[in-house]
Every structure is written in C-alpha cells, then in structure tokens.
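Each reported figure results from applying straightforward, stated rules to the coordinates on display, with no laboratory input. In this text the structure is predicted, and so the values were computed from the model without any measurement. Neighbour counts are summed over all protein chains in view; Cβ atoms, including those assigned to glycine, are modelled from backbone coordinates with ideal geometry.
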Amino acid sequence: MSSTKVEADTRVPVIEISRIHSNLPYFQSVPAGFPSPADDYVEEKLNLDKYLIKNPAATFFVRVSGDSMTGAGIYPEDILIVDRSLSAKTDDVIIALLDGAFTVKRLVYEQGRYWLKPENPQLALIEVGAESEFLVWGVVTSVIHKPYVL
C-alpha cells in the first residue's frame with residue numbers, strides 16, 4: 001500500500017499591476033438621491049494607479065476566496081490591493097503566511113501576543129504561537145468589490 005503526501009497550494013494568486021491601467025472620467029460627487037446630469041460635473045481624469053497604489057514596486061493584487069472577512073467588507077472574489085512596504089500594526093488587515101498557508105485576517109496584538117482575527121463571528125481568533133511559522137506578507141490598503149455580478 002503506498003501513501004502520497006498531498007501538499008496545499010500556498011501560492012498567492014497575484015494579478016500583475018502592469019495589467020491594470022486606466023484613466024477614467026472622475027466626477028466630484030454623485031448624489032445618491034435624485035438623478036442629475038453628471039457630465040456637467042466632470043472635473044478630471046481619474047488614474048486608478050495613482051489613487052489606489054502608493055508604492056507600485058511593493059504592491060500586488062490578490063483575489064479573495066472564503067468568507068472569513070465579510071464583516072470587514074471583504075467578500076469572495078474581491079480583489080485586495082496589498083502593499084508589502086508598509087509595516088503592519090494592530091488592527092490592520094493583512095496577508096499573512098501562517099504555517100505554510102496564506103490567509104487574510106485582521107492583525108491583533110494584545111498582552112504580548114499576536115492574533116489573527118477573522119471578521120466573521122462564526123470563526124475563532126487564531127493565536128500566532130511562538131512555534132508558528134508566521135510572516136506578514138503585506139498590508140491590505142484597498143478592496144475592489146463588485147456590488148453585483150456583471
């Protein structure tokens with residue numbers, strides 16, 4: 001009888017920054033109430049690279065799977081913008097490598113210990129123990145979320 005060890009895929013699904021370039025019309029504001037002719041208020045072109053990415057050399061995109069962060073407005077299939085140049089601090093949403101697997105969670109530091117907090121009440125806090133392999137891969141700076149399926 002033979003046994004085969006199955007290893008989990010720990011690669012982060014990255015979307016290259018070079019694939020996302022846009023200069024779209026930017027409107028100062030759009031009322032959520034009565035419709036108005038918004039073309040009268042076009043101010044400039046909005047460059048999403050400049051608006052969302054502060055440090056292109058250290059920034060990557062990652063698509064979310066799972067529902068552990070829905071309480072933070074992060075849903076399956078959302079795209080996270082992650083900056084590796086930022087130092088993570090407590091309450092930041094981070095991409096972490098924990099014991100060989102990537103995860104997105106809120107970083108909590110309490111009483112000299114680190115925790116990874118899911119934003120889903122059905123899931124428990126994860127203590128980052130002294131024996132754990134733990135690395136902050138980057139800090140989530142923005143979430144690209146579709147409010148409905150196109």
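Considering amide H positions built from the backbone, and no H for Pro or chain starts, which residues 5 or more places from TYR114, or on another chain, come under 5 Å of its amide H?
For TYR114, whose amide H was placed from the backbone, the distant partners under 5 Å are VAL128.
Suppose each label sits 7 Å from its Cα in the direction of the beta carbon; what would the GLU110-LEU52 distance come out to in nanometres?
If labels sit at GLU110 and LEU52, their model points lie 3.3 nm apart.
Full extension from VAL143 to LYS45: what is 0.36 nm times the residue separation minus their Cα-Cα distance, to one decimal in nm? Walk me through the numbers before you get to the answer.
Working: separation 98, 0.36 × 98 = 35.28 nm, distance 2.08 nm.
So the chain would gain 33.2 nm between VAL143 and LYS45.
For LYS105, what is the net charge nearby, where nearby means another residue's Cβ is under 15 Å from its Cβ and Lys, Arg count +1, Asp, Glu -1? Please list the in-between numbers first.
Details: positive: LYS89, ARG106, ARG113, LYS117; negative: ASP67, ASP78, ASP91, ASP92, ASP99, GLU110, GLU119, GLU127.
After counting each charged neighbour, the total is -4.
Could you derive backbone 3J(HN,Hα) for the range 90-107 from the dihedral phi with the Karplus parameters 6.51, -1.76 and 1.60 (θ = phi - 60°), listing whole Hz in sequence and x where the residue is Gly or Pro?
Per-residue couplings from phi come out as 4, 6, 6, 8, 10, 9, 10, 9, 10, 6, x, 10, 7, 8, 10, 8, 8, 7 Hz.
Per residue of the range 48-59, what does 6.51 cos²θ - 1.76 cosθ + 1.60 with θ = phi - 60° give for ³J(HN,Hα)? Whole Hz please, x for Gly and Pro, Karplus curve as stated.
5, 4, 5, 6, 9, 10, 8, 9, x, 5, 10, 10
List every residue whose amide H lies under 5 Å from the amide H of SER132, counting only residues 5 or more places away in sequence or on a different chain, with H placed 1.01 Å from N in the peptide plane.
none
For SER142, list long-range residues whose amide hydrogen, built 1.01 Å from N in the peptide plane, is under 5 Å from its own amide hydrogen.
Long-range HN contacts for SER142: ILE81.
Just tell me which lysines come within less than 25 Å, Cα to Cα, of LYS89; anything on the same chain fewer than 8 places away is out.
LYS50, LYS54, LYS105, LYS117
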